[in-house]
Every structure is written in structure tokens, then in C-alpha cells.
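Asks: One structure follows; several queries about it will come next.
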Amino acid sequence: MKIKGSTNIVGLIGHPVEHSFSPPMHNAAFDELGMDYAYVAFDVNPKNLQSAIEGAKSLNIRGFNVTIPHKIEVMQFLDEIDEVASLIGAVNTIDFKNLKGYNTDGIGAVKAIEEVSSIKNKNVVVAGAGGASRAISFYLAKYGAESLTILNRNVDKAQGLAGDVSDSGLINDVNAGSISEIGRYLANADILVDTTPIGMHPNIDDAPIALVGDMHEDLVVFDAVYNPNETVLLKEAIKAGAKPVYGIKMLLYQGAESFRIWTGRDAPVDAMEKALKDTLNLE
Ligand code: NAP
């Protein structure tokens with residue numbers, strides 16, 4: 001990649017940002033298509049968030065990804081928020097053409113799952129009720145899931161999220177419960193979405209034990225954890241004959257959707273996936 005006088009800048013704002021996988025992934029995409037863009041990461045202290053957005057506008061920056069801790073706070077500095085991002089209450093992508101915020105995390109998960117199964121008319125169990133669950137749950141509803149059952153350690157949080165998704169009017173059948181009872185919900189489930197950090201490096205031997213024995217061969221199992229690539233949950237899913245969906249695919253497709261928003265072009269997902277795997281040292 002050659003930086004020239006004409007080069008368009010996109011990037012990431014967060015705090016911290018130095019371990020992000022987005023720069024190699026997006027720069028591989030621009031290289032692949034020979035586009036005059038570069039993607040850089042900016043560590044923005046929360047107290048400088050507003051001036052960072054105003055400065056980026058003045059500098060003609062084309063787009064940002066937004067990560068922790070700015071995903072919610074940044075919304076007040078934008079002119080427009082995409083409808084589903086507004087329901088989620090967080091953005092991870094800004095398009096400076098119209099200073100509009102989007103949330104592509106949930107789209108990323110849905111596109112990852114749709115590599116192996118459509119979402120439409122499916123019964124989905126979601127484990128966890130944090131930020132990732134919130135983003136994914138609204139998009140599962142938007143993509144036509146028949147029912148959504150949100151299970152969490154803190155059941156109040158699951159009920160709160162289920163209520164918000166239900167109020168959106170995107171889906172009729174939304175339920176909440178305790179993650180400790182996940183086994184009994186799986187028999188009728190088509191898709192399991194695990195948004196808890198259980199099994200994430202360095203605790204790679206952990207799995208939500210209660211559910212491991214209850215997976216079946218008609219189930220699709222998505223794990224948001226991407227390090228390691230194949231978590232204990234996914235290993236057990238494969239043993240049970242279920243179809244695994246890897247967390248890295250969510251990273252990939254959220255990036256692909258941001259790329260499309262900024263450039264108006266379809267993202268070269270193969271080149272992006274290769275860059276992600278190289279960065280994560282996966283095969
Ligand atoms: P978060 O907001 O902190 O939420 C974590 C959720 O997991 C909460 O519902 C929490 O339950 C539950 N949880 C945590 N530890 C648990 C345990 N030991 N047993 C049962 N439940 C537990 O985190 P997040 O931002 O949603 O991220 C969750 C995971 O998704 C992380 O591993 C993250 O790396 C991954 N992620 C992946 C991608 C991707 O692109 N692949 C994107 C975003 C996030 P309580 O409410 O009861 O505490």
C-alpha cells in the first residue's frame with residue numbers, strides 16, 4: 001500500500017486500540033481491490049471523544065469503527081443513527097458522509113450464521129445478555145427468527161433485554177430465563193448463540209457444562225468467542241453432530257458491512273478472512 005496525497009483515511013477509535021485486528025483486515029481489503037484507502041487505529045481518551053469526532057470531520061476522514069468504551073457515548077455527537085443501532089443503543093461504525101452511526105456487530109453474527117443456516121422462522125436460544133447479546137438479538141429479530149429465548153446468569157438482565165427486543169415489534173415470541181437451565185431449552189432450538197466469554201483465552205477449557213450434553217445434530221451453534229478459534233463449546237457441538245459457526249466469522253462480517261457502508265462496494269471477504277487468520281495465527 002502506498003500512502004499518497006489522495007489517500008482516503010478510515011479508522012478505529014477506542015481506548016485502548018493497539019491489539020485490534022481491524023487494521024490488518026481492512027487494509028488487506030483495500031489492497032485486494034487496489035483502493036486508495038488506509039485504515040489506522042486512534043487511541044482516544046474518553047474525555048476527548050467529542051473533539052475527536054469534530055476533528056475527524058474537519059480532516060475529511062471517511063469512516064470510523066468504534067470500540068470500547070465509546071460505542072454508546074459517541075451517539076450524542078452524530079447527526080443520525082440507523083434504526084436498529086438506535087434500538088440496540090450502541091454504534092460501532094460511523095459514516096462521515098452524513099455523520100450517521102450504525103451497528104454492524106449484530107449483522108456480523110447473523111451473516112456468520114447464515115453461512116450455514118437461514119435465521120428466518122428459526123427458534124434461537126441466546127446465552128448471555130451483555131453488549132454482544134444485545135447487538136445480536138435485535139438483528140436475529142430483524143432477520144426473521146421465529147422465537148428468541150435469552151438466558152443469562154443475571155436473569156433480570158435477560159428479562160430487560162427480552163423486554164426491549166419485544167417492544168421493538170420486530171418479533172413476537174421473546175422469552176427470558178436462567179442460563180443454568182439452558183439444557184431444557186435446547187431440545188426445541190434450531191440455533192444456539194453463545195455470547196458469554198466462557199472458554200475464552202486463557203480459560204480455554206471452560207464450557208457452559210449444563211448445555212454440552214444437550215446439543216443435537218439439528219442444532220447450529222455459534223460461539224462469539226474467537227480466541228481460541230475452536231472453543232470447547234464448538235468442539236462439543238461438532239461431537240454432537242451440530243453445525244459449528246466460529247466467532248472469527250462475526251469479526252469478519254461486521255468488518256465487511258462497515259467496509260460496504262464507507263465505500264459502497266462489496267467487501268473482499270476472502271482476503272479479509274486471510275488477514276484476520278494471519279493476525280490471529282490461525283490456519
Ligand atoms: P459483556 O457485555 O461483559 O457480557 C458478558 C455476558 O456474559 C453477560 O451476560 C454475563 O452475564 C455473561 N457471563 C460472563 N461470564 C459468565 C460466566 N462465567 N457464566 C455465565 N455467564 C457469564 O461482554 P460482551 O461485550 O457482550 O462480550 C461477550 C463475548 O463476546 C466476549 O467473549 C467477546 O470477546 C465476544 N465478542 C465477540 C465478537 C466477535 O466479533 N466475534 C464481538 C463482540 C464480542 P451476567 O450479566 O450475569 O454477568
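Asks: Just the residues that are open to solvent by less than 10 Å² (accessible area, probe 1.4 Å) and more than 15 Å from the ligand (Cβ to nearest atom), please, taken from the stretch 105-144.
Replies: Residues satisfying the conditions are I119, V124, A141.
Asks: I would also like to ask the following. Considering each of N203, N172 in turn, give the residue that is farther than 17 Å from I113 by Cα, within 10 Å of the ligand (Cβ to nearest atom) and free of Cβ contacts under 8 Å to residues at least 12 places away in the same chain.
Replies: Matching residue, one of N203, N172: N203.
Asks: Kindly provide the set of residues from the stretch 204-224 that are of a type in the set (A, V, I, L, M), at pLDDT 95 or above and touching a helix residue (DSSP H, G or I) at 6+ places or on another chain (Cβ under 6 Å), ordered by number.
Replies: Passing the criteria: V221, A224.
Asks: Right, another one. Among (1) surrounded by fewer than 19 Cβ atoms within 10 Å (Cβ to Cβ); (2) part of a helix (DSSP H, G or I), where does A237 come up short?
Replies: (1)
Asks: Among the residues of the stretch 19-49 satisfying the criterion of being assigned to a loop (DSSP other than H, G, I, E, B) and in contact with a strand residue (DSSP E or B) (Cβ under 7 Å, 6 or more places away or on another chain), which is modelled with the lowest pLDDT?
Replies: Applying the filter and picking the extreme gives S20.
Asks: Here are the criteria: (1) part of a loop (DSSP other than H, G, I, E, B); (2) at pLDDT 95 or above; (3) open to solvent by 20 Å² or more (accessible area, probe 1.4 Å). Tell me which single one V174 does not satisfy.
Replies: Tallying (1) part of a loop (DSSP other than H, G, I, E, B); (2) at pLDDT 95 or above; (3) open to solvent by 20 Å² or more (accessible area, probe 1.4 Å), V174 fails exactly one: (1).
Asks: Can you tell me which residue among V269, V220, V232, V225 is among the aliphatic types (A, V, I, L, M), closer than 21 Å to A145 by Cβ and within 16 Å of the ligand (Cβ to nearest atom)?
Replies: Only one candidate qualifies: V220.
The values are calculated or read from the model by the stated rules, or taken from the named source; none is laboratory data. Not measured: the values here are computed from a predicted model. Please note: Cβ atoms are built from the backbone with ideal geometry, for glycine as well, and neighbour counts cover all protein chains shown. Just so you know, the surface numbers come from the protein's heavy atoms only, side chains and all, with ligands and any DNA or RNA stripped out. Shrake-Rupley method; radii C 1.70, N 1.55, O 1.52, S 1.80 Å.
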